[in-house]
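J.: Can you keep this structure in mind? I'll have questions shortly.
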Amino acid sequence: MVTELRLSAFGPHRSALFPLGPLTLFAGPSGSGKSQALEAYAALAGLASGATLEEAFPDPCARIPDRAVPDAQRRRGFRLGVTVEGPAGAVRLDLAVQAEPTLRIVGERLSQGGQILLATALRDPGRRSVQAAWLTGGAIGVTRAPLPDDRLGTALLPLRVAGSTAGQRQVLAAAEQVVVALRAVFPCDPRPDRMRAAVPPGEGRLLGDCANLADVLRRTRSECGTRHALLAEAARTGCAGPVLGLDVRAPSGGGPVAAVLDRGPDRPATELARLAAGELRFLALALVLLTGPGVLAMDPAAELLSARQALTVLADDFDRGLDRRQSAELLRLALLSCGRGHIRLVAAVGEGTAAAARDLEGVAVVDLGA
């Protein structure tokens, strides 16, 4: 699991270090860097999953501080890193990214206990590669080879290192620990405007914008009655009016499915399309907190059992459009799931939610701009 996020010259952050617990909330005024912290985490997760630097940072210049002064070669960039705890111990990954004049990784370091396991450096600006050196041990000591300057070298090591020496096995264990932790991330931002329409039946794996919520509810109702019942119980708190349960309607001959709130006997059901934006966001976030990687549209490491991977949900503007009652219920669900080790939650919240969370045991609130 990722236990620390480090940012330098990244948006408003200067040499910032953020400890991350099972439930971490970023709070602070607008412009304090809440969203940037989550974007950095999500970008590292994308790189660990094989994304290119351009895919991870589609607008890299926007991450550079306004007053950052370029060097003699007119270069500007930023740094980011994480610490990952696991069977290999505490492993650090640090990345230096050049955003101008061209986007590229100019330095990467994987280390453990003060020992450098992998280091890369830009030797020839004219080539789209960096010179990498990783621990080998034995008579060779270090192996050197070029790596592409637009991909995370740590994620490429399992393809390059044979694991035939103790040093190589140490490098592989550290690299795999970092990659597994970063890949087990689900960025989530429910979009009510996309959640109202009926959707065709599919795999029932929730998308990051939760547009296919109805199809996922169809799946949870049939495959996981316990979690579906917990979600219906949460809906009684977060949705206006009486709620007996959550149901799904689909044409008998097949076709798009629509989710509804069961209002009880002698009351017409309410389609999700008629719910307020806050109610839709609440239901989607409650579902995320009550479920796991098997129901979320994400690609965790297949070589490791899901029980040994700590799923991390990233939620920017977690409480956007929610009232106090809905936010409190989501905090309760988050504490329940995070306390059991089912998920970890890193979210950006408004001051109202942060104020309520500061009094809750098990919630770490990171106050920015204080």
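Read the figures in this text as sums done on the coordinates, not as results from a lab. Quantities reported herein were computed from a predicted structural model and do not represent experimental measurements. Note that we place each Cβ from the backbone using ideal geometry, even for glycine, and neighbour counts take in every protein chain shown.
J.: Please list, in chain and number order, the residues 5+ apart from ASP317 or on another chain whose amide H is under 5 Å from its amide H, with Hs placed from the backbone.
T.: Distant-sequence amide H within range of ASP317: ALA348.
J.: Next question, about the same structure. Determine the sum of side-chain charges near SER8: Lys and Arg each +1, Asp and Glu each -1, restricted to other residues whose C-beta is under 13 angstrom from that of SER8.
T.: Around SER8, the charge tally is +4.
J.: Under the classification rounded if a/c is under 1.5, otherwise prolate if a/b is larger than b/c and oblate if not, where does the range 59-137 fall, given a ≥ b ≥ c as square roots of the Cα gyration tensor eigenvalues?
T.: Verdict is oblate for the range 59-137.
J.: From the residues LEU38, LEU17, LEU246, which one has its Cα farthest along the dipole of the chain in the positive direction, the dipole being from +1 and -1 charges on Cβ of Lys/Arg and Asp/Glu about the Cα centre?
T.: Comparing the listed Cα positions along the dipole, LEU17 ranks first.
J.: Percent antiparallel among DSSP beta bridges with both residues in the chain, to the nearest 5?
T.: Counting DSSP beta bridges with both partners in the chain, the antiparallel share is about 75 percent.
J.: Same structure again: How large is the charge dipole for the chain, taken about the Cα centre, if only the Cβ atoms of Lys, Arg (+1) and Asp, Glu (-1) carry charge, to the nearest 20 debye?
T.: Magnitude of the dipole: close to 480 debye.
J.: Taking only Cα atoms and a 10 Å spring cutoff, compute GNM fluctuations for the chain and point out the largest among ARG249, ARG109, ARG127.
T.: ARG127
J.: Another question about this same structure. Could you point to the residue in THR120, ALA56, PRO87 farthest towards the positive end of the range 1-128's charge dipole, with +1 and -1 charges on the Cβ of Lys/Arg and Asp/Glu respectively?
T.: Selected residue: THR120.
J.: Shifting gears a bit: May I ask you to evaluate 6.51 cos²θ - 1.76 cosθ + 1.60, the Karplus curve with θ = phi - 60°, for each residue of the range 137-146 and list the ³J(HN,Hα) values in order in whole Hz, giving x for glycine and proline?
T.: Listing the rounded values in order: x, x, 6, 7, x, 9, 9, 10, 6, x Hz.
J.: Another one. GNM on the chain, C-alpha springs below 10 Å: top fluctuator among THR237, THR353, THR226?
T.: Between THR237, THR353, THR226, it is THR226 that shows the largest mean-square fluctuation.
J.: Which one, (1) 20.5, 69; (2) 22.5, 81; (3) 20.0, 64, gives Rg and Dmax of the Cα atoms in Å as derived from the coordinates shown?
T.: Only one listed value fits the structure, namely (2).
J.: For the pair ASP367 and SER129, how long in nm is the line joining their label points, each one 7 Å along Cα→Cβ?
T.: 5.1
J.: With θ set to phi - 60° and the Karplus curve 6.51 cos²θ - 1.76 cosθ + 1.60, what are the ³J(HN,Hα) couplings of the range 116-133 in order, to the nearest whole Hz, using x for Gly and Pro?
T.: Computed from phi, the couplings for the range 116-133 are 7, 9, 9, 9, 10, 8, 7, 9, 10, x, x, 10, 8, 8, 10, 8, 10, 9 Hz.
J.: In whole Hz, what ³J(HN,Hα) sequence does the range 315-321 give by Karplus (6.51, -1.76, 1.60; θ = phi - 60°), x for Gly and Pro?
T.: Taking θ as phi minus 60°, the curve returns 9, 7, 6, 3, 9, 4, x Hz for the range 315-321.
J.: Tell me which residues come under 5 Å, amide H to amide H, from ARG76 once H is placed; ignore anything under 5 positions away on its chain.
T.: Residues meeting the amide H criterion: ALA99, GLU100.
J.: Based on the Cβ-Cβ distance from GLN73 to SER35, what FRET efficiency comes out when R0 is 30 Å, to the nearest 0.05?
T.: Here the calculated transfer efficiency is 0.50.
J.: Label ALA273 and ALA250 with points 7 Å out from Cα along Cα→Cβ: what is the distance between them in nm?
T.: Taking the two extended label points, one gets 1.8 nm.
J.: For the chain, set up a Gaussian network in which alpha carbons nearer than 10 Å are linked by springs, and say which option among PRO70, PRO242, PRO12 fluctuates the most.
T.: Result: PRO70 has the largest fluctuation of those listed.
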